[in-house]
Amino acid sequence: MRGLFALAVLALGCSGGDSGSGGSGGADGGVGVVPGTVQLAVSVAKEQSNINGVEAPPSRMFVSVRFGMGNGLNDAIALSPAAFRITTAEGLEKLASPHSALLDGACPADAFLGAGQILECAVGFERKQNEVRTALVYLGAGLSRVEAPIHGLVHCSRCDGKCVDLTTDPAHCGSCTTACPGTTCTDGKCGAWP
C-alpha cells in the first residue's frame, strides 16, 4: 500500500510537447516529444571519485550521466535508476549504482515521466578505472531498448583518493606524483618556471 502513495508522475520541471516537436536544445538535453517513441540524449557524462561524500571503492570510479528524456508514448514511463544501464566498449552492460539517488538532479526512484513530457535528470554508475563507457540504455517495462551514445566523457584519474585531471592539475601534472610548484600544468607538462 505504501508504494502506491510513493508513485508520482513528474510534471514539475517538465515541459509538455506537442506531437510534432523536435529537440529543444535546452536544459532537457536536446530531446523532443516524438509520437510513439521515447527519446533519450546524453548531455554530460563525467567521472567522479565520490558522489556527495560517498567514495568509490579503490580502483573504481563513479560515472554520472545527465540526460534528457522525452516521452511520446500514451502512457507514463518509470524513471527508476533500475531502468538504466550503461554499455562498455567490450559489449557489457552495467546497472545503475544504488548511490544514484545522491547525485544532484538525480532521477527519482519512484517517479514516472508522463505522456508528452520532457525531463532532464541524472543516474550514476560504478566502473573500473580503465573501462570505456559507450552508451546510456533505457529499458523501461514493456519498451524496446532505447540507447543514447556517450560522447566527450569527462575523464579523471584517481590520485590521493580524489578525481584529478592529469593534463591540467599542477599538483598532479602528467602523473599522480609530479607537481609543478609555482607554475601551470598544460597537456600533462609543467610550464616554464617564473
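The values are calculated or read from the model by the stated rules, or taken from the named source; none is laboratory data. Keep in mind it's a predicted model, so treat the numbers as computed, not measured. Backbone-built Cβ (ideal geometry, glycine too); neighbour counts: all protein chains shown. Quick note on the areas: whole protein, heavy atoms, side chains included, nothing else; ligands and nucleic acids left out. Shrake-Rupley method; radii C 1.70, N 1.55, O 1.52, S 1.80 Å.
Listed by first and then second residue, the pairs with beta-carbon distance under 8 Å, at least 6 apart or on different chains, first residue in the stretch 86-99 and at negative phi, second assigned to a helix (DSSP H, G or I) and of a type in the set (A, V, I, L, M), are 95/82; 96/82. I need every pair where a residue in the stretch 134-156 that is over 26 Å from residue 166 (Cβ atoms) has its Cβ under 8 Å from the Cβ of a residue that is open to solvent by 90 Å² or more (accessible area, probe 1.4 Å) and not acidic (Asp, Glu), sequence separation at least 6 or different chains. What qualifies is 137/145; 138/145; 139/145.
Looking across the stretch 79-127 at every residue that is under 18 Å from residue 61 (Cα atoms), acidic (Asp, Glu) and within 16 Å of the chain's Cα centre (by Cα), the one that is surrounded by the most Cβ atoms within 10 Å (Cβ to Cβ) is identified as 126. Restricting to the stretch 64-78, give me the number of residues that are surrounded by 24 or more Cβ atoms within 10 Å (Cβ to Cβ) and farther than 13 Å from residue 105 by Cα. Count: 3.
Would you be able to tell me the number of residues in the stretch 114-127 that are part of a strand (DSSP E or B) and on the phi > 0 side of the Ramachandran plot? Lay out the reasoning, then the answer.
At the first step, the residues of the stretch 114-127 found to be part of a strand (DSSP E or B) are 117-127.
Still in the running and on the phi > 0 side of the Ramachandran plot: none.
Selection size over the stretch 114-127: 0.
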